[in-house]
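The values are calculated or read from the model by the stated rules, or taken from the named source; none is laboratory data. All of these numbers come straight from a predicted model, not from anything done at the bench. Ideal geometry is used to build each Cβ from the backbone, glycine not excepted, and the neighbour counts take in all protein chains shown. Heads up: the accessible areas ignore ligands, DNA and RNA and are worked out on the full protein's heavy atoms, side chains in. Shrake-Rupley method; radii C 1.70, N 1.55, O 1.52, S 1.80 Å.
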Amino acid sequence: MAANRVILAYSGGLDTSVCLKWLQEKYDAEVITYTADLGQGKELDPVESVAKGTGAVKVYIEDLKDEFVREYVFPALKAGAMYESKYVLATALARPLIGKRLVEIAEAEGANAVAHGCTGKGNDQVRFDVTTMALNPELSVIAPVREWEMKSRDEEIEYAQKHNIPITVTKESPYSIDANLWGRSIECGVLENPWQEPPEEIYEMTVSPEMAPDKPTYIEIGFRKGEPVKLDGVEMPPVELIDKLTKIGGANGVGRVSYVENRLVGIKSRETYEYPAAAVLFEAHKALEELTLDRGMAHYKEENISHEYSRLVYYGLWFSPLREALDAFVSASQKNVTGTVRVKLYKGTCSVVGAKSPYSLYDQAMATYEAGDMFDHSAAEGFIQLWGLPLKIGAVRDKNVKN
């Protein structure tokens, strides 16, 4: 396959750095790298120099943090999208945005292919490939890790050393890490053994719960139509709010998860995540929905929308008609999800301790068991008779058949 000019999704890590050199050797290609700033922080500092030093003819680095939060993170938060009830989809949500920009830059630069450093057993390859298919099916996708003969990260490290590619990964610290402002994922090394407790060295966003403060931290989060807009009464932009929650939640050891995940390609993988801001916001958002959504909406959304939305994101189907249709439902469901939630953070736990909303459906006069109870208890008997009538009729039938 001819590939004269390729746009490579480039993180500056081991895989993509080796991909950059390999694409030049294998395809005699001009490689343009694309890096999205999604809140990785200092990890981006050496990206431009390393890319150019490894032979990139052009380097793109773009700040997409605000778009990432507003157009990808917040829709997933409002949908309640948490894959297998544990993964907040930090990496999965970033891929369609990066993939969209890869396609747009390929079109602008006259490239005939895009490339990525995803493995043949991972989920990200699906997300990049499918996004490209959805947005420009005429572009080719090159996935070097699916093609080259290297079989391990140790071999990639040796390749990088042979070609003088500067990398920070070593055989002694072989972790594969993906991070953005919504969360951080860590794989490989000892983490591949599900019996092995994740070592403390892998974490950056969070302190160990044992080392967290001995006194709880209380914060208040204000929501408007399902989106967080205030922290402790102060309105702030989305990226700033998440940054502050990451620091507060992380300092209290909140947001660590390690579990065996069901990947799209059919295998199980031991995954370790940390996502302090997301952990807090999911708990707070859920509590506000409990206050403002009626029973039918709440149950339908949780049982049908949230799980389906998380699967679509995880499976790389962001640019699908179904995801767009679900967004319309979610938007309608959030019109009254406005109010304030008080959260208690303590040694790795996040607990909602209070919630209020001008659109609350909670009526204390109906709920109380004290004086002032306005609930009509006499109506309950008739309601129960009608509610249980189908079961009663069935029981009578079964008794008559037996006799």
task = First obtain the Kirkwood hydrodynamic radius of the stretch 204-304 from its Cα pairs, then insert it into the Stokes-Einstein equation at 10 °C and 1.306 mPa s, and state the resulting D in µm² per second as a whole number.
result = 102
request  = Using a 1.4 angstrom probe on heavy atoms only, work out the carbon and sulfur share of the accessible area of the stretch 273-403 in %.
outcome  = 57
request  = Name the residue farthest towards the positive end of the dipole of the chain from the options Ala380, Pro144, Met133, assuming +1 on Cβ of Lys and Arg, -1 on Cβ of Asp and Glu, about the Cα centre.
outcome  = Ala380
query = Once phi is turned into ³J(HN,Hα) by the Karplus curve 6.51 cos²θ - 1.76 cosθ + 1.60 with θ = phi - 60°, what whole-Hz value does each residue of the stretch 199-209 show in order, with x for glycine and proline?
reply = x, 4, 5, 7, 8, 10, 7, 10, 8, 4, x
task = Identify, among Leu264, Asn403, Val239, the residue whose Cα sits farthest towards the positive end of the charge dipole of the chain, taking +1 on the Cβ of Lys and Arg and -1 on the Cβ of Asp and Glu, with the dipole about the Cα centre.
result = Asn403
message = Compute the orientation-averaged projected area for the stretch 114-265 from the convex hull of its Cα atoms and round it to one decimal in nm².
response = 13.3
key: Set of aspartates and glutamates with alpha-carbon distance to Lys52 below 14 Å, sequence-local pairs under 8 removed   = Glu30
ask   = For labels at Leu361 and Lys230 in the simple 7 Å Cα→Cβ model, what's the distance in nm?
value = 2.4
request  = Report the charge-dipole magnitude of the stretch 1-153 in Debye, nearest 20, computed about the Cα centre from +1 at each Lys and Arg Cβ and -1 at each Asp and Glu Cβ.
outcome  = 460
ask   = Cα centroid distance between the stretch 245-318 and the stretch 59-106, in Å?
value = 14
request  = Over 13 Å, how big is the tail of the calculated P(r) for the stretch 292-365, in percent of all Cα pairs?
outcome  = 74
remark   = Cα convex hull volume per residue for the stretch 83-185, in Å³, equals 141
message = Name the residue from Leu97, Met211, Leu389 whose Cα lies farthest towards the positive end of the charge dipole of the chain, charges +1 on Cβ of Lys and Arg and -1 on Cβ of Asp and Glu.
response = Leu389
query = When the helices in the chain are scored as -39500 (n - 2.57) per DSSP H run of 4 or longer and the sum is shared across all residues, what 222 nm value do you end up with, to the nearest 500 deg cm²/dmol?
reply = -12000 deg cm²/dmol
key: At 0.890 mPa s and 25 °C, Stokes D of the stretch 264-403 from Kirkwood alpha-carbon radius, µm² per second   = 125
key: Projected area averaged over orientations for the stretch 98-138, convex hull of C-alpha atoms, nm²   = 2.7
query = Using the Kirkwood radius built from alpha carbon pairs, what does the Stokes-Einstein equation give as D for the stretch 16-102 at 10 °C and 1.306 mPa s, in µm² per second?
reply = 109
message = On a 28 Å Cα-Cα criterion, which of the cross-link pairs Lys26/Lys151; Lys225/Lys347; Lys301/Lys356 come out too long?
response = Lys225/Lys347
query = Which of Val50, Val114, Val103 moves the most in a Gaussian network model of the chain with Cα springs under 10 Å?
reply = Val50
note = Diffing the stretch 75-86: the Karplus 3J(HN,Hα) column from phi (6.51, -1.76, 1.60, θ = phi - 60°), in whole Hz with x for Gly and Pro, holds x, 5, 4, 5, 6, x, 7, 10, 5, 6, 6, 9
request  = At q = 0.06, 0.08, 0.12, 0.14 Å⁻¹, work out log10 I(q)/I(0) for the chain with the Debye formula, treating every Cα as an identical point scatterer and leaving solvent out; two decimals please.
outcome  = -0.31, -0.51, -0.99, -1.26
